[in-house]
Amino acid sequence: MSKSLIEMLPDVISHGKREVEKISQCLKISLETNEYILPAEKNDKNTNWFNRLIHGDNLFAMRALLNGDSDTGLPSLRGKIDLIYIDPPFDSKADYQRKITLPDGDIETITLKQFAYSDIWVDGTIGYLKTLYPRLVLMKELLSERGSIYVHCDWHAGHYLKIILDDIFGKENFVNEIVWSYKSGGVSKNTFARKHDTIFFYKKNPNKAIFNVLKEKSYNRGLKPYRFKGVEEFEDDFGWYTLVNCKDVWDIDMVGRSSGERVDYATQKPEKLLERIIMASTYSDSIVADFFGGSGTTAVVAEKLGRRWITSDVGWPSCVIMRKRLIDIPECRPFICNSINKDCSLDRMPQICDNNSFPKLAVKKPTVTRAYDDTHETLNIELDNYLLPDNLPLDTKSNTVVQKIMKKSPLDMIEYWSVDPDYNGQNFRSIWQNYRGNTRKGKNLLRVIHDAHIVVQKTHRPRKICIKAIDIFGFESMTVLDLP
Ligand SMILES: C[S@@+](CC[C@H](N)C(=O)[O-])C[C@H]1O[C@@H](n2cnc3c(N)ncnc32)[C@H](O)[C@@H]1O
């Protein structure tokens with residue numbers, strides 16, 4: 001007779017501890033800087049800090065953060081992170097997709113479905129728990145003494161995950177089982193409609209952890225105010241209410257089809273959910289991390305609330321969506337796009353072609369024109385063409401669509417491009433970015449614009465202009481042009 005899940009939990013723990021042991025020896029795992037994104041051309045001058053979007057398996061990303069990154073002046077983050085929220089796959093035994101809408105001529109559009117991530121595990125739930133265990137241990141190492149962790153899960157494996165979390169963070173440090181309840185989905189003929197997820201909340205050290213009491217509205221049943229002495233009452237469109245301490249059951253709508261937040265990434269969570277968590281468990285100087293970033297909700301909310309943040313994801317569709325969603329935020333602070341030192345990366349970046357001349361981005365010869373005064377000039381950069389190999393790993397229908405677009409307007413394949421007008425040959429620092437729509441919707445946002453006009457300070461030195469592009473499949477290309 002095969003063993004039950006409970007009987008196999010000791011295996012999960014011993015396997016997890018061995019994995020931690022192994023990864024702890026990897027002092028060479030490091031972060032590689034792909035791009036400094038400088039959307040608002042400003043940085044917090046007082047600190048060396050950059051927010052980070054890391055593409056790669058989070059086991060390696062966290063190990064690299066524990067090691068620190070001397071190239072970019074990042075010290076070890078051991079014991080430095082105040083809040084970790086994670087929303088890992090739930091052991092739902094399904095694959096998840098991202099929708100890509102492409103222009104098909106001037107009026108029509110066409111939608112492709114692209115693999116985003118898998119939630120199917122070798123060895124089922126045990127394989128799932130074995131994957132999470134060492135990652136949770138590294139999260140504990142990164143948490144500060146005033147830190148908290150929120151682990152988002154659901155009925156599939158949540159009960160087993162709770163046991164694992166108790167083992168790692170201590171049962172005595174468990175604070176709340178938050179029920180996130182929503183209206184959509186979950187209806188079945190054979191079960192009660194499944195309308196909630198669970199978020200387990202632990203403090204690293206209950207005596208030191210940050211916790212800001214949040215208030216929520218509690219509506220009076222009748223229309224009239226209670227008029228209790230000392231209790232302040234308010235009225236809105238729904239009636240009279242008082243403010244009470246936030247409960248552990250949160251009614252927050254999922255991101256709906258017509259929501260401005262929606263980026264068409266399966267399992268995207270609402271910003272309101274993260275707002276609550278970040279407001280409760282951070283101060284303004286806190287670092288917030290989400291190592292299963294997905295569409296980037298945690299980083300986006302942290303950015304909007306002025307917190308420092310780190311996010312990672314193993315999938316490149318996720319990373320490109322996050323990058324665009326972050327730049328969309330007005331006044332988004334600069335951030336670094338990292339990948340993991342290649343020897344260690346297990347990411348799912350598709351390898352389609354041995355011939356490294358593909359993909360190829362062709363850019364016209366840049367021109368220089370007058371800017372608004374004598375000390376500045378305008379660099380005019382125009383994309384010319386884009387080449388992809390024929391043997392893309394796509395199903396027949398998608399391949400036909402892609403080949404058709406490639407024949408007519410190959411630049412429509414570009415998802416994102418950016419420019420560093422003063423490339424130093426090492427660090428790509430983009431001060432200009434353009435990308436297909438994300439949170440900004442509309443037909444004319446289905447393709448990138450093809451020309452950039454960038455105002456820069458005049459220089460007497462020759463200039464190197466570096467242009468990077470990422471296409472809808474996640475392939476990157478880079479072109480460096482000399483401007484004498
Ligand atoms: C449920 S989604 C997260 C959704 C996210 N909370 C949001 O609001 O969009 C889980 C994410 O975990 C990522 N993931 C799975 N295993 C990972 C790993 N080992 N390292 C990094 N990311 C991983 C998947 O690619 C997926 O994007």
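Read the figures in this text as sums done on the coordinates, not as results from a lab. All of these numbers come straight from a predicted model, not from anything done at the bench. Glycine also receives a Cβ, built like all others from the backbone with ideal geometry; neighbour counts cover every protein chain displayed.
Of all aspartates and glutamates in the structure, the ones whose alpha carbon falls short of 13 Å from that of K458, not counting any fewer than 8 places away in one chain, are D373, D374, E377, D422.
Along Cα→Cβ, 7 Å out, is where each label goes; now give me the distance between the ones at T378 and Q25 in nm to one decimal. A separation of 6.0 nm, rounded to one decimal place.
With a Förster radius of 51 Å, plug the Cβ-Cβ distance of H156 and R370 into 1/(1 + (r/R0)^6) and report the FRET value to the nearest 0.05. Mind showing how you got there, number by number?
Values: r = 62 Å, r/R0 = 1.21.
Approximately 0.25, to the nearest 0.05.
Remark: spin-label model distance N220-S14 equals 6.3 nm, labels positioned 7 Å along the Cα→Cβ axis.
3J(HN,Hα) along the stretch 57-68, derived from phi through the Karplus expression 6.51 cos²θ - 1.76 cosθ + 1.60 where θ = phi - 60°, amounts to 4, 5, 4, 6, 4, 5, 4, 5, 5, 5, 6, x Hz, with x in place of Gly and Pro. Assuming R0 = 51 Å, can you tell me the calculated FRET efficiency for the pair A362 and K3, based on Cβ-Cβ distance, to the nearest 0.05? Efficiency for this residue pair is about 0.30.
Fully extended, how many nm does the chain gain between S92 and N385 (0.36 nm per residue separation, minus their Cα-Cα distance)?
On the way: separation 293, 0.36 × 293 = 105.48 nm, distance 4.17 nm.
Extra length available between S92 and N385 comes to 101.3 nm.
With neighbours defined as other Cβ atoms within 10 Å of a residue's Cβ, the residues T131, T72 order from fewest to most as T72, T131.
Mind putting a number on the dipole of the stretch 360-483 about its Cα centre? Charges go on the C-beta only, +1 for Lys and Arg and -1 for Asp and Glu, and I need it in Debye to the nearest 20. Write out the running numbers ahead of the final one.
Details: 19 positive and 15 negative charges, 64 e Å.
The dipole magnitude comes to about 300 debye.
In the stretch 360-483, Cα pairs under 8 Å separated by at least six residues give a relative contact order of 28 percent. Going toward the positive end of the dipole of the chain, with +1 on Lys and Arg Cβ and -1 on Asp and Glu Cβ, which of Y416, S148, N212 do you reach last? Value: N212. The fewest-to-most ranking of T369, T101, T282, T311 by surrounding Cβ atoms within 10 Å reads T369, T101, T282, T311. Rounded to the nearest 20, the Cβ-based charge dipole of the chain about its Cα centre (Lys and Arg +1, Asp and Glu -1) stands at 500 debye. Using a cut-off of 23 Å between Cα atoms, the listed pairs K99/K269; K183/K203; K80/K204; K171/K247; K269/K304 include K183/K203 as exceeding that distance.
Counted residue by residue at 0.36 nm each, then reduced by the alpha carbon distance between them, the extension gain from E331 to F238 reaches 30.0 nm. At most 15 other Cβ atoms within 10 Å plus a DSSP loop assignment makes a site exposed; report the longest stretch of the chain without any exposed GluC sites (Glu not before Pro). Result, exposed sites excluded: 42-231. Summarising the label geometry, the points placed 7 Å from Cα in the beta-carbon direction at K247 and T400 lie 5.4 nm from one another. For the chain, the residue among L243, W309, G256 whose Cα projects farthest onto the positive side of the dipole built from Cβ charges is L243.
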